[in-house]
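Inspection log for the structure reproduced underneath, given as structure tokens.
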Amino acid sequence: MDPMERVQCVLAGRRPDRPPVGFWHHFPPDQVYGPSAVQAHLTHLQTYDLDFLKVMNDNGYPHATSVESVRDLAAIGDLRGDEPEFARQLDLLAALRAELRGRVLMTTTVFSTWAVLRHLIRPPKEHLPPQMDGAADEPSRRIKDFYSQAPEALNSALRRIGTNLARFARRCLAAGADGMFLSVRDDWVDAPDSMASLYDELVRPTDLEILAAASAGRFNLLHICGRPANFRAFAEYPVHAINWADRLVGPAIDDAVRWASPAICAGIDNLTTLVTGTPEECEQQVADALQQAGTRPILIAPGCTYDPSRVPRANLEAVCRAVRRPCFSR
């Protein structure tokens with residue numbers, strides 16, 4: 001099979017010739033957009049002969065000023081979805097589509113509305129793998145303060161961001177993306193033992209609006225970041241596959257395959273094993289993930305981004321080598 005056939009086979013619930021594999025990391029600031037970003041993505045894809053491409057999106061959300069108080073929420077207005085920051089990502093997708101000519105499925109990153117508002121409160125200085133302690137997130141604490149001061153103002157701002165991201169998602173598909181990689185995280189919002197869900201009230205409707213806008217896509221992948229407070233609610237989203245840190249926070253693959261309808265995209269510990277493990281340990285994680293999946297075909301991938309300055313290339317090569325072993329073929 002070629003890479004596209006291999007991934008499509010898993011998405012349809014059929015066993016491919018071997019498990020598809022993909023992984024991703026943030027590129028340096030000079031490789032976020034333009035020709036350098038195109039080449040960075042192509043080099044990453046070709047170096048490891050990956051089966052699908054997750055297109056990174058560090059171009060930001062179009063908004064001129066930071067959000068410092070609840071009064072600033074009113075300045076978050078309606079967008080067309082092709083403003084300069086969005087346009088840089090759209091141009092990247094179009095250029096990658098022209099280069100790849102449909103050889104691999106390409107899913108492009110869209111962050112949830114809560115994540116976008118976090119970045120408007122505190123723009124990221126650098127993009128690194130996630131901090132897993134969502135409860136300690138300072139921008140999220142600020143958002144909750146906004147909610148206590150003016151719940152309707154916060155809700156309206158998040159809804160406007162969601163509608164703008166939905167417009168952007170449609171343009172991404174038109175530019176050449178095969179689907180959205182929607183990154184969601186509810187432990188910034190809700191505690192695991194919380195009875196009432198602020199996420200359900202404020203964020204989930206915007207997640208679903210973005211996914212509805214991307215419904216024509218053929219490779220919509222939901223990334224469940226952090227330590228999910230309500231994993232099962234995410235597993236019911238209308239997506240083709242779900243990706244999460246099964247090794248670090250669960251649920252384990254052998255649990256999820258019994259009740260999650262979307263395809264499974266998981267298996268590799270991006271924060272520990274990829275960083276400090278041996279190539280043999282990385283290969284063992286692939287074998288273990290496939291054993292957990294049993295008869296259910298899955299996509300092999302890490303639980304989130306990895307830090308390329310800390311992960312040995314030999315470990316990434318070991319993951320790719322493991323999926324290509326004859327014992328994992330049909």
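Read-outs: derived from the displayed coordinates by stated rules, not from any lab. A quick note: this is a predicted structure, and the numbers were derived from the prediction, not measured. Neighbour counts are summed over all protein chains in view; Cβ atoms, including those assigned to glycine, are modelled from backbone coordinates with ideal geometry.
Quick look at the values:
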quantity: Selection status of Leu42, part of a helix (DSSP H, G or I) and in contact (Cβ under 8 Å) with a residue 60 or more places away in the chain; calculated: no
quantity: Residues satisfying the stated conditions in segment 291-312, i.e. closer than 21 Å to Asp17 by Cα and in a loop (DSSP other than H, G, I, E, B); calculated: Gly294, Thr295, Arg296, Pro297
quantity: Close pairs from segment 209-232: first without any contact (Cβ under 8 Å) to a residue 40 or more places away in the chain, partner in a helix (DSSP H, G or I) and surrounded by fewer than 18 Cβ atoms within 10 Å (Cβ to Cβ), Cβ under 7 Å, at least 6 apart; calculated: none
quantity: The lone exception for Arg247 - which of (1) in contact (Cβ under 8 Å) with a residue 40 or more places away in the chain; (2) surrounded by fewer than 21 Cβ atoms within 10 Å (Cβ to Cβ); (3) under 24 Å from Asn315 (Cα atoms) it fails; calculated: (2)
quantity: Which listed residue, of Leu50, Leu79, is surrounded by 13 or more Cβ atoms within 10 Å (Cβ to Cβ) and closer than 30 Å to Val311 by Cβ; calculated: Leu50
quantity: Any hit, segment 251-261, residues being among the basic types (Lys, Arg) and within 22 Å of Arg313 (Cβ to Cβ); calculated: no
quantity: Selection from segment 19-60 of residues that are of a type in the set (Gly, Ala, Ser) and more than 16 Å from Lys125 (Cα to Cα); calculated: Gly22, Gly34, Ser36, Ala37, Ala40
quantity: Unmet criterion (only one of (1) touching a Phe, Trp or Tyr at 6+ places or on another chain (Cβ under 8 Å); (2) on the phi < 0 side of the Ramachandran plot; (3) not in a helix (DSSP H, G or I)) for Gly81; calculated: (2)
